[in-house]
There are 2 protein chains.
Amino acid sequence: MIAAMAISLERGADGGQPVYQQIAAHFRAEIEAGRLGAGDRLPTIRELARTTGVNRDTVALAYDELTRAGLIEATVGRGTFVRTPVRTSPPPSFEPVLSPLVERILDGERSRVRYAAPAGTVPLHSLVPDPSLYPVDEFRRAVNRVLAESGGDLLRYGTPQGDPALREELAARLSEAGMAVAADGLVLTQGASEGIALALRLFTVPGDVVAVEEPTYHNVLGALAALGLRGSPVPMRDGEPDLVALERTLERSEVKLFYTMPTFHNPLGTSTGLAHRRALLAIAAKAGKPVIEDAYEMDLRYAGKPVPSLAALDERGVVVQLFSFSKSLFPGARVGSIAARGRALDALVPLKHATDLGGSPVLQSALARFVASGGYDRHLTKVRRALLARRDVLLETLAAEMPDGVTWTTPEGGLQLWVELPGEIDTAELLSDAVRGGVLFAPGFQFRLDRRPSSGMRLSIALADEAQIRRGVTALAGVVRDRLRAGPMRGVEEGVTV
Amino acid sequence: MIAAMAISLERGADGGQPVYQQIAAHFRAEIEAGRLGAGDRLPTIRELARTTGVNRDTVALAYDELTRAGLIEATVGRGTFVRTPVRTSPPPSFEPVLSPLVERILDGERSRVRYAAPAGTVPLHSLVPDPSLYPVDEFRRAVNRVLAESGGDLLRYGTPQGDPALREELAARLSEAGMAVAADGLVLTQGASEGIALALRLFTVPGDVVAVEEPTYHNVLGALAALGLRGSPVPMRDGEPDLVALERTLERSEVKLFYTMPTFHNPLGTSTGLAHRRALLAIAAKAGKPVIEDAYEMDLRYAGKPVPSLAALDERGVVVQLFSFSKSLFPGARVGSIAARGRALDALVPLKHATDLGGSPVLQSALARFVASGGYDRHLTKVRRALLARRDVLLETLAAEMPDGVTWTTPEGGLQLWVELPGEIDTAELLSDAVRGGVLFAPGFQFRLDRRPSSGMRLSIALADEAQIRRGVTALAGVVRDRLRAGPMRGVEEGVTV
């Protein structure tokens, strides 16, 4: 079918639409109105030039425009046709090809531990700080005040580096702890988790290897996978990374950095001493590899003497330090920081910009107000007291209830400790028994790079109060005793294979 | 110097520390107290076994532990020595090796346009929405209310997917605009900017190529660089991407997706029609390549008839759509969304989790409250009215003041339009003249992949009010007239090379 050719053209009108555009507009309107449909043939250039009295080049220009716009297509020897806009129903399904890195994330998702338990189960598995301790009203007033005073400015984009007042407060606190850092040396992040991702991206490309403690924080393993990085384990011995293994690992050229939690290690709850920290820095400097120090629970010391952070001991600029308010205050503000120096710092600011332009000035500014008012320090005093009491109940109950052969760490701060079971028990297998007994824990395998079975478990005092801890640990000890009596059952229960 | 050997050991004490640990603890304490220094020699295993009366294996175990802890090192044939903890001052400086991707970002930073101008300069360069229009008090009340009602919960971690109430509100609005999407099909992001980064990561690995319009949003070019991606330009013709070029580009196997802004294009201000959108979707589906539709100014239509979004027209699941509150409300809440389907959606949630665990539930929940109360719609009515008035003044002043040969686009919404100058003027060179004349604009080169000179510029009505626009455009027209009179001066002024 030949398309209609009644085109009204205005020629020579001063400032009017060029003729070729008028022709294109005519066909465009016909197609959009449905008067021309897919497969309809348009007049040839020659025909249309004749019937409209315009130059062939002008018609060709119009057809060119319609072709580029995807409305028509020319088939050599057959003519010019209205293009099929969408295939007729049903459209074939479309499965986009995902990035191979994303496929790895999806694989990881399938093997993630899902904690499902009836209400009232004692949550010894979770590192979410206890909401009953959050200073909600004080923080709400801080948000209110900063929005009332400078809401217009706080609702614009912030800088990629983050609110200057909060960086000043943080830098002052870090300086008091012995670290040479100014507000300009900090970049605010969405909690330490974004800090981990950004710090890894500073030094790596997909395919690179990152030295991590084993066991280590399981979300770091997720971050590595998402960035196409592989981990190389540095074993933890007596709560400290084995420095001989670290040195050997960092010598490998494909290993780009070391990620470590020297203070209140997750999941172990242990901290390293001064000499170990100095030796670690010397090893990293000798290997020429940076160290990411995750100081996420830095402010939660409730016992023992503070040890200077790696960043405080670092004279060379080896260390990139992560901090977060998520564990010591609350996670919902999503505020953490990265301290870096030199070119690493120069690069961090545009990297953050390229990732999300920057965080929310509202929450950062409210947090600055809250810290400056002393609210954060008052909160820390309260939280540390609560955590110390909870830890003591946890240690007492473990000592009183756990059968012989069970050992555990004794943290001086933070939210977690580590329990090691005897008798080749795979703690992943034990979890369903524990849930039936009314208690949850974090099985050790998820803190390992290769997720091989572990006889360890992480217990947390973040969410459970003293009575719950006593009840939970007593129940857990019963489950462990039962399992030890029954003997090893690896690989048989619930289809778990070892 | 042989190290002191006065070690007091408790043996056989029930539950006491194993002997090897007591030995290790002794040396550790001596080193930390400074009584043993770097280079001091320890007794041989044989000597120490003899003087303390313990088994050689036990001593070896202790030395082993100290070696792993980085405190001592054995040199074959010479003995065991206290390790040098840090080199003596001054420490050699340490320059970490940055990721090659990060080096690219740093290069990009050096060539970024910095706008420096005296106060009072008319800001026709900026897409930051006008703070005088922000509904600050209404939003502050919403934040206040949600924190008072459920602060404890909102200050916990949210889900990676984001606040369910806000996703419900957004899904309802998108559905009204013809898109088949439920709250579960959305993931909340830190503005469209994080959406861009996440959507790119869904389908690419470093080294891949992404088809982008040219000109395109300059921050997308930054996001590509940060992710190690290369862009392949699809030319914009008459405000629409050239579909013939798109088809050819998507056929290349290294090209993984197409990033496009069909509505209120940045920087052009143009929108594509229905037929073009349908044809674009058919081309992408045929090539098997997903399309990222950046609908960041979707809610800012002030003239003309709405055209269904690509996502609304998409029957196959080709499109991943980005939305943001940053331009239509304010950027400071840092809230946007991604709509995806199928495995892309499945992957997006853990990808967001691996990036920063999730956004702030506080701001998301407050925004949900604000939208549900009708506040957002009331705000849109006000903003659209203001933008229409500003656009009209902009168009009138351009028509009245600009010399012959200058052309511009006529947007039906959003914050920007595009001006094209005649006479081979490089608008980057014109910027300093414009600043002297009291007006800023965004030069066209920064929207191009290779940053080659451009005779185009983006003008924005985001920040400037009607009077400022009139003044700014009049000044700009004067600068353009002067430059046209002076003739082309490419590459000579202020050391700019072309």
(message) Quick check on the range B:190-219: of everything there that is outside any helix (DSSP H, G or I) and more than 20 Å from B:LYS256 (Cβ to Cβ), which residue is farthest from the other protein chains (Cβ to nearest Cβ)?
(response) B:PRO215
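Being in contact (Cβ under 8 Å) with a residue 40 or more places away in the chain, under 22 Å from B:GLN416 (Cα atoms) and out of contact with any Asp or Glu (no Cβ under 7 Å at 6 or more places or on another chain) narrows it down to one of B:ALA347, B:ALA386, so name that one. Before the answer, list the steps.
Working: B:ALA347 fails: under 22 Å from B:GLN416 (Cα atoms).
On inspection, the qualifying residue turns out to be B:ALA386.
For the range A:93-122, give me each residue that is assigned to a loop (DSSP other than H, G, I, E, B) and more than 8 Å from chain B (Cβ to nearest Cβ). Before you say what the answer is, go through the steps one by one.
In the first step, residues of the range A:93-122 are kept if they are assigned to a loop (DSSP other than H, G, I, E, B); the result is A:93-99, A:111-121.
Of everything in the range A:93-122, those that are assigned to a loop (DSSP other than H, G, I, E, B) and more than 8 Å from chain B (Cβ to nearest Cβ) turn out to be A:SER111, A:ARG112, A:VAL113, A:ARG114, A:TYR115, A:ALA116, A:ALA117, A:PRO118, A:ALA119, A:GLY120, A:THR121.
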(request) Tally the residues that are within 7 Å of another protein chain (Cβ to nearest Cβ) and of a type in the set (Gly, Ala, Ser), restricting the search to the range A:226-251. (result) 2
(request) Output yes when any residue across the range B:150-165 is open to solvent by 50 Å² or more (accessible area, probe 1.4 Å), closer than 30 Å to A:ALA24 by Cα, over 21 Å from the mean Cα position of the chain (by Cα) and within 13 Å of another protein chain (Cβ to nearest Cβ), and no when none is. (result) no
(request) Hey, could you check the range A:52-67 for residues that are in a helix (DSSP H, G or I) and open to solvent by 60 Å² or more (accessible area, probe 1.4 Å) and say which is nearest to the other protein chains (Cβ to nearest Cβ)? (result) A:ASP64
(message) Which residue is nearest to A:LYS327 (Cα to Cα), if the candidates are limited to the range A:220-249 and must be of a type in the set (Gly, Ala, Ser) and assigned to a strand (DSSP E or B)?
(response) A:GLY231
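Only one of these is touching a residue at least 40 places away in the same chain (Cβ under 8 Å) and open to solvent by less than 10 Å² (accessible area, probe 1.4 Å): B:PRO422, B:PRO443. Name it.
B:PRO443
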(message) Condition (residue is under 18 Å from the mean Cα position of the chain (by Cα) and hydrophobic (A, V, I, L, M, F, W, C)) applied to the range A:373-393: is it met by at least one residue?
(response) no
(message) Being within 28 Å of the chain's Cα centre (by Cα), open to solvent by less than 10 Å² (accessible area, probe 1.4 Å) and facing chain B (nearest Cβ under 8 Å) narrows it down to one residue among A:LEU280, A:LEU300; which is it?
(response) A:LEU280
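Is it true that B:ARG341 is open to solvent by 20 Å² or more (accessible area, probe 1.4 Å) and either facing another protein chain (nearest Cβ under 10 Å) or among the hydroxyl-bearing types (Ser, Thr, Tyr) (or both)? First the steps, then the outcome.
Numbers: open to solvent by 20 Å² or more (accessible area, probe 1.4 Å): yes; either facing another protein chain (nearest Cβ under 10 Å) or among the hydroxyl-bearing types (Ser, Thr, Tyr) (or both): yes.
Yes, satisfied.
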(message) Among (1) part of a loop (DSSP other than H, G, I, E, B); (2) closer than 30 Å to B:VAL102 by Cβ; (3) more than 14 Å from chain B (Cβ to nearest Cβ), there is one condition A:ALA368 misses while meeting the rest; what is its number?
(response) (1)
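Restricting the range A:372-397 to residues that are hydroxyl-bearing (Ser, Thr, Tyr) and farther than 23 Å from A:ASP294 by Cβ, which is least open to solvent (accessible area, probe 1.4 Å)?
Keep residues of the range A:372-397 that are hydroxyl-bearing (Ser, Thr, Tyr), which gives A:373, A:376, A:381, A:397.
The next check asks that each one be farther than 23 Å from A:ASP294 by Cβ; those that pass are A:373, A:381, A:397.
Working: A:SER373: 67, A:THR381: 69, A:THR397: 9 Å².
Per the stated criteria, the residue is A:THR397.
Out of all the residues in the range B:398-419, which are outside any loop (DSSP other than H, G, I, E, B) and open to solvent by 10 Å² or more (accessible area, probe 1.4 Å)? Steps first, answer last, please.
Taking the range B:398-419 first, the residues outside any loop (DSSP other than H, G, I, E, B) are B:398-401, B:407-408, B:413, B:416-419.
Those that are outside any loop (DSSP other than H, G, I, E, B) and open to solvent by 10 Å² or more (accessible area, probe 1.4 Å): B:ALA399, B:ALA400, B:GLU401, B:THR407, B:TRP408, B:TRP418.
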(message) Let me spell it out: the conditions are (1) in a helix (DSSP H, G or I); (2) touching an Asp or Glu at 6+ places or on another chain (Cβ under 6 Å), and A:LYS352 meets all of them except one. Which number is the exception?
(response) (2)
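Does A:LEU268 qualify as being open to solvent by less than 20 Å² (accessible area, probe 1.4 Å) and part of a strand (DSSP E or B)? Steps first, please.
Values: open to solvent by less than 20 Å² (accessible area, probe 1.4 Å): yes; part of a strand (DSSP E or B): no.
So A:LEU268 fails the test.
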(request) Have a look at A:ARG252, A:ARG201 and point out the one that is surrounded by fewer than 22 Cβ atoms within 10 Å (Cβ to Cβ) and charged (D, E, K, R). (result) A:ARG252
(request) For the range A:1-39, name all the residues that are in a loop (DSSP other than H, G, I, E, B), modelled with pLDDT of 65 or more and more than 19 Å from A:VAL54 (Cβ to Cβ). (result) A:ALA33, A:GLY34, A:ARG35, A:LEU36, A:GLY37, A:ALA38, A:GLY39
(message) Taking the conditions exactly as written (outside any helix (DSSP H, G or I), open to solvent by less than 10 Å² (accessible area, probe 1.4 Å) and within 12 Å of another protein chain (Cβ to nearest Cβ)), does B:PHE323 satisfy them or not?
(response) no
(request) Give the residue, chosen from A:LEU147, A:LEU106, A:LEU127, A:LEU170, that is closer than 30 Å to A:ARG230 by Cβ, open to solvent by less than 50 Å² (accessible area, probe 1.4 Å) and modelled with pLDDT of 90 or more. (result) A:LEU127
(request) Those residues that are among the basic types (Lys, Arg) and assigned to a loop (DSSP other than H, G, I, E, B), I need them from the range B:301-320; list them, please. (result) B:LYS305, B:ARG316
(message) Of everything in the range A:131-140, what is without any contact (Cβ under 8 Å) to a residue 12 or more places away in the chain and either of a type in the set (Val, Ile, Thr) or more than 9 Å from chain B (Cβ to nearest Cβ) (or both)? Give them in sequence order.
(response) A:VAL136
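The values are calculated or read from the model by the stated rules, or taken from the named source; none is laboratory data. Because the structure is a prediction, the values reported are computed rather than measured. Ideal geometry is used to build each Cβ from the backbone, glycine not excepted, and the neighbour counts take in all protein chains shown. For the accessible areas, the whole protein counts, side chains as well, though only heavy atoms, and no ligand, DNA or RNA atoms are used. Shrake-Rupley method; radii C 1.70, N 1.55, O 1.52, S 1.80 Å.
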